[in-house]
Amino acid sequence: MTHARQHLTRVVAHRGASEDAPEHTLAAYRKAIEDGADALECDVRLTADGHLVCVHDRRVNRTSNGRGAVSALELSDLAALDFGSWKSRDAAGGPRVEEPDWEHRPEDREATSVLTLERLLELVADAGRRVELAIETKHPTRWAGQVEERLLVLLKRFGLDAPASREDSPVRVMSFSARSLYRVRAASPTMPTVYLMQFVTPRLRDGRLPEGVDIAGPSIRILRSHPAYIERLKRTGRQVHVWTVNEPADVDLCVGLGVDAIITNRPRAVLDRLGR
Ligand code: G3P
Ligand code: CA
């Protein structure tokens, strides 16, 4: 008897296990690896002195005890900040009320310091199992190619800049900017690229993606409102990586539509839902 090969839906930890631990910190990525995530998602930005750091917002105000734009601060300025305590601040003092499901050990300052992409790559290299990386370039147009250039230089140090094939690469680059992905494709033709979409614009409706892009990265809202669009993408052989999927019903929707990667703040809960 022959068995069809089971479709593996990858579980990608969005900003780390960011429901449990402060996003984009070593604490969140260590937790995601412990939780069994297949891949880690991170946003990268350039500091004023040219380091790639994992920070989502343009400014550090929401996720640290400092203020200012990442692009105006040097790595040493960022290293002086605490990117962890906001996660457990009460409603009066901060944006969210959380009971963190991680042990905040003040002596482990690195766990909640600014995270460089280099340190995240070291963590992945030392994970003891395959852990993929989905790296998102943020506001790359401002830097006219420098984000992509520095990203590939850094990946090269870890032997990850020129994968043997797109299908088997442990790293992929994601962006809302088609231009950023085009630059990556030009510099590294075998690096998989994911085009992030908040809406299905008329240009994309027939299932085409911008030049230099392999993988579609729609928001979960697109799956809820336009499931036929996802079916069209799948019929044309595209991989579909969906963000940000935290609710059980949305996980089921992704599975039903044959999604290839679920990007989530709750990797353990999604793995449980998938029976893994
Ligand atoms: O994984 C894609 C998703 O992260 C895009 O949205 O705003 O969370 O970076 P954002
Ligand atoms: Ca992101």
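Tabulated data for the structure shown
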item: Residue within the stretch 226-243 that is within 16 Å of ligand 2 (Cβ to nearest atom), closer than 17 Å to Ala39 by Cβ and either touching a residue at least 40 places away in the same chain (Cβ under 8 Å) or part of a helix (DSSP H, G or I) (or both) present; result: yes
item: Residues being over 20 Å from Val173 (Cα atoms), part of a loop (DSSP other than H, G, I, E, B) and acidic (Asp, Glu) - total across the stretch 52-83; result: 2
item: Test: residue in the stretch 155-177 that is more than 16 Å from ligand 1 (Cβ to nearest atom) and within 17 Å of Asp43 (Cβ to Cβ); result: yes
item: Candidate set: the stretch 146-197, residues that are acidic (Asp, Glu) and assigned to a helix (DSSP H, G or I); chosen: the one farthest from Leu233 (Cα to Cα); result: Glu149
item: Evaluation of Arg166 against (1) buried (at least 18 other Cβ atoms within 10 Å of the Cβ); (2) touching a residue at least 40 places away in the same chain (Cβ under 8 Å) (one fails), failing number; result: (1)
item: Unique match (being of a type in the set (A, V, I, L, M), assigned to a helix (DSSP H, G or I), surrounded by fewer than 21 Cβ atoms within 10 Å (Cβ to Cβ) and more than 16 Å from ligand 2 (Cβ to nearest atom)) among Val255, Val200; result: Val255
item: Enumeration of residues in the stretch 207-229 that are more than 16 Å from ligand 1 (Cβ to nearest atom), closer than 13 Å to Val240 by Cα and hydroxyl-bearing (Ser, Thr, Tyr); result: Tyr229
item: Of the criteria (1) within 16 Å of ligand 2 (Cβ to nearest atom); (2) modelled with pLDDT under 95, which one Val194 fails; result: (2)
item: Lone qualifier among Leu223, Leu233 - being more than 20 Å from the chain's Cα centre (by Cα) and either closer than 29 Å to Ser165 by Cβ or buried (at least 21 other Cβ atoms within 10 Å of the Cβ) (or both); result: Leu233
item: The listed residue being of a type outside the set (Ser, Thr, Tyr), at negative phi and touching a helix residue (DSSP H, G or I) at 6+ places or on another chain (Cβ under 8 Å), out of Asp168, Asp161, Asp214; result: Asp161
item: Close pairs from the stretch 102-130: first within 16 Å of Ile33 (Cβ to Cβ), partner surrounded by 11 or more Cβ atoms within 10 Å (Cβ to Cβ) and of a type in the set (S, T, N, Q), Cβ under 7 Å, at least 6 apart; result: Ala111/Thr25; Leu115/Thr25
item: Of residues in the stretch 88-112 being at pLDDT 70 or above and farther than 21 Å from Asn265 by Cβ, the one surrounded by the fewest Cβ atoms within 10 Å (Cβ to Cβ); result: Glu107
item: Residue satisfying condition, being acidic (Asp, Glu) and closer than 25 Å to Arg276 by Cα, within set Asp49, Asp38; result: Asp38
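The values are calculated or read from the model by the stated rules, or taken from the named source; none is laboratory data. What you see is a predicted model; the values in this text were computed from it and never measured. Neighbour counts are summed over all protein chains in view; Cβ atoms, including those assigned to glycine, are modelled from backbone coordinates with ideal geometry.
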